[in-house]
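Worksheet for the structure shown next.
Since every read-out is calculated from the coordinates, none of them should be taken as a lab result. Worth saying up front: this structure is predicted, and the values here are computed from it rather than measured. Note that we place each Cβ from the backbone using ideal geometry, even for glycine, and neighbour counts take in every protein chain shown.
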Amino acid sequence: MAQTIVNSLKDGLHRSRIGHGATFITHEPTIEDVDALSEASYYVWGNTVYVRAEKVDAVRVHYVCPFCFNRYKKNGEPYKRSKRHNHCHGSGGVMSNRFETRAPHCNYMNYGYVAQDGNIHQTTAHLAVGVTPSTKRV
């Protein structure tokens, strides 16, 4: 079963810098697994972070980034009431359920993510955006 480690962060890093919804599973995530994710939550499998697409159109796949915020303090921490940033990748005009594996647009190397081994990693090789049955088609 999935083990959520939302609050078990190491090295005193601020919770919101890591992303609030790291969930680990014992198998590679399927479309159904990703469809169950809440906004700005993610799965980690190997060196890939899986997120759920919020909407897809003929040009782009949109998702809420679990790592980026719209406003930051001078010290680099996000403001308490800042909102998660939306990112998009090309959809290729395909509206069906699938994973779009891409390099991340955001510079979350500075924020990191909690990997399955419990360590905080500074980067990941891939981002898989899942277009699921609950993704809005526009």
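General remarks:
- Residue that is farthest from Gly130 (Cα to Cα), among those in the stretch 54-75 that are part of a strand (DSSP E or B) and of a type in the set (Val, Ile, Thr): Val64
- Among the residues making up the stretch 41-63, a single one is among the β-branched types (Val, Ile, Thr), surrounded by fewer than 18 Cβ atoms within 10 Å (Cβ to Cβ) and farther than 13 Å from Thr101 by Cα: Val59.
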